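The values are calculated or read from the model by the stated rules, or taken from the named source; none is laboratory data. Fair warning: this is a prediction, and the values are worked out from it, not measured in the lab. FYI the Cβ positions are ideal-geometry reconstructions off the backbone, even for glycines, and counts take in every protein chain you see.
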Amino acid sequence: MRARWFSTICLALFTIAFSSSRASAQFLEQKTLSLAAAKKIAAAAEAEAAKNKWTMAIAVLDDGGHLLYLERMDGTQIGSIEVAQGKARTAVHFKRPSKIFEDAIAANHLALITIAGVTAIRGGLPVMVDGEAVGAIGVSGGDPQQDEQCAEAGLAALH
């Protein structure tokens, strides 16, 4: 009886050990943008805007394009909230600044306007770690150059 119990326990432990090692081989480790990092990025972007007396909406998104943190400075138009999120979503989905799309359209590559979900205005920048986009910042409220300047200040806070 004792030998049977021992072999049953050994078989169960072997099965658990084997299945858990197989399961772990099916998952990847992934860097993510924390809420603390998102707040740090937004604070630096806001400081740049305030220094220049601009009012901005600042959106920080995760790697899936979902809102992590949003800040709308006093006096910023409501419409800038959606624009900031659109710029950040463009940056994270395509792993490049939203300015790339603005420049391409200005160069007459008008087919780009058919790509769903692209906000082709500068001010959206991806947050890159080891070649992967882990999130993005989008800023809206000023002219595109001002928006981009604030987004760049936000990213600089991580380094």
Determine which single condition Ala59 fails, assuming it passes every other condition in (1) in contact with a His (Cβ under 7 Å, 6 or more places away or on another chain); (2) at pLDDT 95 or above. (1)
When you check Ile105 against the structure, is it over 22 Å from Ala157 (Cβ atoms) and not aromatic (Phe, Trp, Tyr), yes or no? yes
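Residue by residue, here is whether (1) at pLDDT 95 or above; (2) outside any loop (DSSP other than H, G, I, E, B); (3) within 13 Å of the chain's Cα centre (by Cα) holds:
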site: Thr55; (1), (2), (3): yes, no, no
site: Glu71; (1), (2), (3): yes, yes, no
site: Ser80; (1), (2), (3): yes, yes, no
site: Ala91; (1), (2), (3): yes, yes, yes
site: Ile100; (1), (2), (3): yes, yes, no
site: Ile113; (1), (2), (3): no, yes, no
site: Pro126; (1), (2), (3): yes, yes, yes
site: Gly154; (1), (2), (3): yes, yes, yes
site: His159; (1), (2), (3): no, no, no
Which one of Lys31, Lys95 is modelled with pLDDT under 95, of a type outside the set (Gly, Ala, Ser) and touching a strand residue (DSSP E or B) at 6+ places or on another chain (Cβ under 7 Å)? Lys31
Kindly indicate the residue of the stretch 36-60 that is farther than 19 Å from His159 by Cβ and touching a strand residue (DSSP E or B) at 6+ places or on another chain (Cβ under 9 Å) and also surrounded by the fewest Cβ atoms within 10 Å (Cβ to Cβ) among those meeting that condition. Thr55
